[in-house]
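Undergrad: Dropping the structure in here first, questions after.
Please treat every number below as a calculation from the coordinates, not as lab data. Treat the numbers as computed from the prediction; the structure is a model and nothing was measured. Heads up, the Cβs are rebuilt from the backbone with ideal geometry, glycines too, and the neighbour counts pull from every protein chain shown.
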Amino acid sequence: MTPGVLLLIAACGVIAGLVLGPWRPRLWLALTSAGAIVALVAALWVLVGATDWEWRSGFAVAGEPLHLRLDGLSAFFLVLLSVVGGAGAVYAREYWADQQHPDSAGRGRLAWNAISLSMGGVLLISNGLHFLIAWELFAISGYFLIVLERQRREVRTAGWLYLAVSHAGTLCLFAFFVALAARTGSWELGPLRAHAELAPLFWLALAGFGVKAGLFPLHIWLPSAHANAPSHVSAIMSGVAIKMGLYGIIRFGGWLPVPPAAGGVVIGIGAVTALLGIAFAFAQNDLKRLLAYCSVENVGIIAIGLGGALLGVRHGDAPWGRLLLAGALLHVWNHGAFKALLFLGAGSVLHATGTRELSRLGGLARVMPWTAGLFALGAAAISALPPLNGFVSEWLLYLGLFDAAASRSHTAWAAMPAVIALATAGALALASFVKASAMIFLGAPRTEAAAHAHECGPWMRGPMLALAGACVGIGLAPCVFWPAVARAVGAWNPAWAGAEMPAPLFTLSAVQFALAGLFIAGGTWLWRRARANGLRRALTWDCGYARPTARMQYTGGSFAGIAGGWFAWILQPERALRRPRGPFPGRASRIERVPETVLERGIEPAGRVVMRASAAVRRLQHGRLQFYILYLAAGVAVLAMLVWLEGRP
Amino acid sequence: MIAILEIILRLALWLVLAPLLPGIINKVKAWVAGRKGPPVLQLYYDLARLWQKGVVLSTLASPGFIAGPAVAWVALVGAALLLPLGPAGSALSFRGDVLLLVYLFAVARFCTAWAALETGSAFEGMGAAREVSYAVLAEAALITGILSLSVQTGSVTLAAMLSQPVGAGAVLLAAGLFAVLLAENCRVPFDDPNTHLELTMIHEVMVLDHSGPPLAAVLHGAAVKLLLFAVLLSQAVLPLNGLPPLLAAVTLGAAVLVVTVGVGLVESLLARFAFRRVPLLLTTAFLLCLFALLLAWKGGAT
């Protein structure tokens, strides 16, 4: 019962913060962060202990008795929510302070607690009707968080798009839960694997939750929403909110029977999402859009693992399925940590310079050493570089996929392309993050704003340090975190409960430690040697240019030119070039933009056709009474005709 | 104690032998062109001299400019220690070590590109962009080749993957991996290490601003990487485990020599390709590895 008491305390804290937040920022921070810590303890209690927490009450909400459940899987996601939620709340104290944002800071605190509460509800609730209510509250509070800066037009557009797409997804979920309830005769949720006839419902869940998760091509709301929201909001949206979609797919993929094709389809969607997501990310010149698209990639990576797990179940609980699910779940944590870190870092840059355009930044490492170092750490982690955490989860995924391929069964059809997609996406992710961190932090400042940036304060630095610590911790000691992962895996599929730690994880842990030590030792040694031999500062070699300027540096667009070109078929970049003309050329410019292909080339044209058809139909309604009488007469005539035709033998 | 001694011995072997390869390649090139060429040990002299020299830092560079080459060097040497040497096995072997090997290359790439971009030079940006972009295709080819070895042997451990008898796809795999070797080590026809025009270089332009000990780390790291790929390629094709240890060592050495001379011959007989044709060549390498994979999967035993 103790996790329940803790959860109650946490909920009370967050609710009190919700009520008081708009007026009392300090009290809000205390209550919210305390709530996050208590919720974290409750989740860890369930993850480390062996028992689930379940609470049924006769108390009815909307005609249904309340039923809460915290098992390994939901506790796993609750850890993510409380860590990122707490870190974001602390960060917001300085980043979105009342002094700078007098009109929206209070609203932001209110919506922050609302989304935290509703996401916690989604994780805990075990009743279809209440799940839908919590899901809807979560979606709406997400909207209010995204449009905090509502005086900006693109923010409102992004908010609208989010709301519209999110509700399209909710529609699928509505159908899903209603069909489920109609079939089983109750709104109660739980393991229903015996009902084989429920399998086709998986597709509805995949579509509905896939929208929130940002699976390609349902990701259309994601880049603009993440880019235009305040950075701490981007962090929770990207680190946690899209994981709620994944939680839905994982949860119901485990509770319900799935169609035979589910595993292959999810792997396929995952591979496409990973590759195209990172291709779009690489081409972006807006820092936060780049990070948002990279979230699409990571969702794809997690989907590959989940699809593999579904395949593993289908093939008689193959051990590689367990590895893949473990990798996917660990990647959920990892992505939450490094993506939130990167978004908070982006917020720090935005706070200091007022721009997120890569081509207006540069050279910030000198004035913002903390942000630069932490962002670089996050970049290395998200590129899955050892000895950080991204490598550990991708390593588990690779192990599972290699085993699946080596089994030479039909699963190899799915596993082998997934391995290649994963490796290619990994190399592109490295390219994207070299580009992002170099364009922001290295070289010379490209604008005045970048030259006069300032380092962020302790309230912003602290959460970033904590998240970076999580990245390093999971990277160096994955064995410590394995029991939690194994517990969640067991909650997903009871046949896989009590999974042994893969033996090489210990070795990997030791190797990661050794690598970390050697990297530091190597760097120090070379630095000392260079210092001892004598350091001299001089201009960068620029082919003999006597006065290189910052504008001569390579830009993000040119950096992405080569590999971006390979994906031109989907990226469809738009270029506007004005060449310099005449002996005294006035102006020359080159503007390059990567559109949201799916949205601008697919959905918007289709929407325009629908709108045009609607406009044409609307012409029938013009307010002239005589025509309305004519419609009526024609209608009656047609009806009479039908009746007459029907009556004939 | 023995284990530590063994690791030190292996380390010494890798560190000492690696700079030999660029020397041999240069000798082969000189020989084909009818020149005398620099001595085979030239790189050793260069490294010794660079190690003693002072460093000129770009005014824009931060300590990351020196840490980059150091970390890249450690990553490459670490990767070398993972690689088994015929019947001697590897210093450290665990399930999934092959993935660590691939990702250690990625660490090295990240660090060199990072250090290159520290300077804010347009040329170095160009080189870094090329390096990370072409690496995407090279990585796809490399992982496909590794996957084919894994499917062939049913293992994810380097020692087991490289010791099994070769399958029918060995020739395809050898051709694919050789192309990856050329691309990853910035050799002709992907890159010309001897060119002196910044616009047309990849790796060399990235390290243009390095000097002194950091440059020595970069050059030595590149040599280790070349040796690493040559050893990997040789063992992927030759089943050394059945041979007595001495013969295996000699065979491995000879195979590495053959690969090195092959690189030299390719450099002498081919010109560097236009950059727009590089992706085509790398895609070919990927397809070769893919066919090897299909052969290992469908054509292999059981």
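Undergrad: Beta carbons within 10 angstrom, averaged per residue: use that to sort the peptides A:608-616, A:247-255, B:233-241, highest first.
TA: Working: A:608-616: 9.7, A:247-255: 23.6, B:233-241: 20.6.
Per-residue Cβ counts within 10 Å, averaged per peptide and sorted highest first, yield A:247-255, B:233-241, A:608-616.
Undergrad: What does the charge count around B:Ile146 come to, taking other residues whose C-beta lies under 15 Å from its C-beta (Lys +1, Arg +1, Asp -1, Glu -1)? Don't skip to the answer; put the middle values down first.
TA: Details: positive: B:Arg95; negative: A:Glu394, A:Asp403, B:Asp97, B:Glu139, B:Glu184.
Computed value for this residue: -4.
Undergrad: A further question follows. Expressed as cubic angstrom per residue, what is the convex hull volume of the alpha carbon set of segment A:240-286? All intermediate terms of the calculation are to be shown ahead of the outcome.
TA: Values: hull volume 3.1 nm³, N = 47.
Taking the convex hull of the Cα positions in segment A:240-286, it is 66 Å³ per residue.
Undergrad: Once you average over the residues of B:197-209, how many Cβ atoms of partner chains fall within 10 Å of each Cβ? Could you put the intermediate results ahead of the total?
TA: On the way: counts 1, 3, 1, 0, 0, 0, 0, 0, 0, 0, 0, 4, 5.
That average works out to 1.
Undergrad: Now for a different question. Given 37 °C and 0.692 mPa s, compute D for segment A:235-337 with the Stokes-Einstein relation, Rh being the Kirkwood radius over Cα pairs; round to the nearest whole µm²/s.
TA: It comes out at roughly 238 µm²/s.
Undergrad: Let me have the 222 nm mean residue ellipticity of the protein assembly as shown computed from DSSP H runs of 4+ only, each contributing -39500 (n - 2.57), with the sum over all residues rounded to the nearest 500. Could the numbers behind the result be given before it?
TA: Values: 38 runs with 654 residues, N = 951.
Value at 222 nm, helices only: -23000 deg cm²/dmol.
Undergrad: Next question, about the same structure. Counting alpha carbon pairs within less than 8 Å and at least 6 residues apart, what relative contact order, in whole percent, applies to chain A?
TA: Values: 1038 pairs, mean separation 78.9, N = 649.
That works out to 12 percent.
Undergrad: Can you tell me the order of A:311-321, A:375-385 when each peptide is scored by its average per-residue count of other Cβ atoms within 10 angstrom, highest first? Walk me through the numbers before you get to the answer.
TA: Values: A:311-321: 19.7, A:375-385: 27.5.
Top to bottom by mean Cβ count within 10 Å: A:375-385, A:311-321.
Undergrad: I need the peptides A:190-202, A:417-429, A:60-72 ranked by packing, meaning the mean over residues of other C-beta atoms within 10 angstrom, with the highest value on top. Provide the component values of the computation, followed by the final result.
TA: Details: A:190-202: 13.9, A:417-429: 26.0, A:60-72: 16.2.
Top of the packing list down: A:417-429, A:60-72, A:190-202.
Undergrad: Give me the mean projected area, in nm² to one decimal, of the convex hull enclosing the Cα positions of chain A. Don't skip to the end; give the middle numbers.
TA: Numbers: hull surface 160.3 nm².
So the mean shadow area of the Cα hull is 40.1 nm².
Undergrad: Roughly what % antiparallel, to the nearest 5, for the DSSP beta bridges in the protein assembly as shown?
TA: Working: 14 of 18 bridges.
Of those bridges, close to 80 percent are antiparallel.
Undergrad: Further question: Within 10 Å, at most 14 other Cβ atoms, and a DSSP state outside H, G, I, E, B define an exposed site. Report the longest part of chain B free of exposed trypsin sites (Lys or Arg not before Pro). Spell out each step's value before the answer.
TA: On the way: sites that count: B:Arg35, B:Lys36.
The segment B:37-302 is the longest one with no such site.
Undergrad: Less than 13 Å Cβ to Cβ from B:Arg35, Lys/Arg counted +1 and Asp/Glu -1: what total charge do the surrounding residues give? Could the numbers behind the result be given before it?
TA: Details: positive: B:Lys27, B:Lys29, B:Lys36; negative: none.
It works out to a net charge of +3.
Undergrad: Can you give the average number of partner chain beta-carbon atoms within 10 Å of each beta-carbon in peptide B:147-156, as a whole number?
TA: Values: counts 11, 2, 0, 7, 8, 1, 1, 6, 3, 8.
Whole-number average of other-chain Cβ neighbours for B:147-156 is 5.
Undergrad: Then there's this: Mind checking segment A:14-106 for chymotrypsin sites (Phe, Trp or Tyr not before Pro) that DSSP puts in a loop (not H, G, I, E or B) and that have at most 15 other Cβ atoms within 10 Å?
TA: Numbers: sites: A:Trp23, A:Trp28, A:Trp45, A:Trp53, A:Trp55, A:Phe59, A:Phe76, A:Phe77, A:Tyr91, A:Tyr95, A:Trp96; in loops: A:Trp23, A:Trp96.
Answer by residue number: A:Trp23.
Undergrad: Need one value for A:551-562: mean number of C-beta atoms belonging to other chains within 10 Å of its residues' C-beta atoms.
TA: Values: counts 1, 5, 8, 12, 2, 2, 0, 4, 9, 3, 4, 11.
Other-chain Cβ atoms within 10 Å of each residue's Cβ, averaged: 5.
Undergrad: May I pose another question? Note down the net charge around A:Gly49, summing +1 for each Lys or Arg and -1 for each Asp or Glu among other residues with Cβ under 12 Å from its Cβ. Working shown, then result.
TA: Numbers: positive: A:Arg487; negative: A:Asp52, A:Asp71.
My count for the surroundings of A:Gly49 gives -1.
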